Amino acid sequence: MLPVDLLRSPTSRQSRIVYSALDVKSWMQAPPSVEAARPGACPGCGAASRPPGAGLGLHGHGLRERQLRGPPTVDAASTTQVVVCRRYRCVGCGAVILVVPRGIAPRRHYGHAAIAFALALWALAGQTAPAVRRRVCAWPVTGAAATGWRTLRRWADAARAALGLADRRAAAARAAQIAAGRAPPLIAGPVWELAYAGGAAMA
Ligand SMILES: [Zn+2]
């Protein structure tokens, strides 16, 4: 597990999260069917979801809307998208499983791409917190609110705790570099674009 994965909160108490092979962009363009998104096995008890010669082990259990804040692509204006995720229920153990696209950060409003992008702009590109906020925050920033960004501080503090570093900016830089290291091999560009791409692929 990469330290930046610890930017996530602990596993949700309500549902177990399973990541799709699709990233948010692909998922939004062509939302998978209940069959296409069905995990191969239950993450709770390990039972097969399609055992040969028997009924389904994981039944479709409806849809769940997730708000996802941040720029939908590295060049786009920040916004809030609604991602419709798929739920399943295990016949064997009763676990409820939420299948989400890569890049979703459980129990955070922003995705991993936006978080890694923001940390990189702030700690690696040297942008000020208000500038990062204008780029990444899903709401317009006006007047007196434009002096800092508490959300950015929270992300940097989460990285600091996860990485065991004393300095907030050093921790943000390290987390952004780790995300950049996860970018697909054909992506080229400045490190903050790589951090975005690596975050978008994170599962
Ligand atoms: Zn199960």
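The values are calculated or read from the model by the stated rules, or taken from the named source; none is laboratory data. All figures in this text were calculated on a predicted structure; none of them were measured in a lab. Don't worry about glycine lacking a Cβ; one is built from the backbone with ideal geometry, like all the others, and counts go over all protein chains shown. Ligands, DNA and RNA are excluded from the accessible area calculation, which covers all protein heavy atoms including side chains. Shrake-Rupley method; radii C 1.70, N 1.55, O 1.52, S 1.80 Å.
Couple of notes before you dig in:
- Cα Rg, Dmax, segment 67-203, angstrom units: 15.8, 55
- Rolling a 1.4 angstrom probe over the chain with all protein chains present gives an accessible area of which 54% lies on carbon and sulfur atoms.
- For segment 114-200, the Cβ-based charge dipole about the Cα centre amounts to some 220 debye (Lys, Arg positive; Asp, Glu negative; other atoms uncharged).
- Free of any trypsin sites (Lys or Arg not before Pro) that DSSP assigns to a loop and that have at most 16 other C-beta atoms within 10 Å, the longest stretch within the chain is 108-203.
- Gain on full stretching of the segment that runs from Ala131 to Ala36 - 0.36 nm per residue minus C-alpha separation: 30.2 nm
- Taking all protein chains as shown and a probe of 1.4 angstrom, Ser26 keeps an accessible surface of around 50 Å².
- Residue-normalised accessible area of segment 44-160, given per residue in Å² at a 1.4 Å probe: 46
- Spin-label model, Ala76 to Val96: label points 7 Å out along the Cα-to-beta-carbon direction sit 2.9 nm apart.
- When both bridge partners sit in segment 12-102, DSSP labels roughly 75% of those beta bridges antiparallel.
- The Cys residues in the chain with no partner Cys Cβ within less than 4.7 Å of their Cβ are Cys85, Cys137.
- Rounded to the nearest 5, the antiparallel percentage of DSSP beta bridges internal to the chain is 75%.
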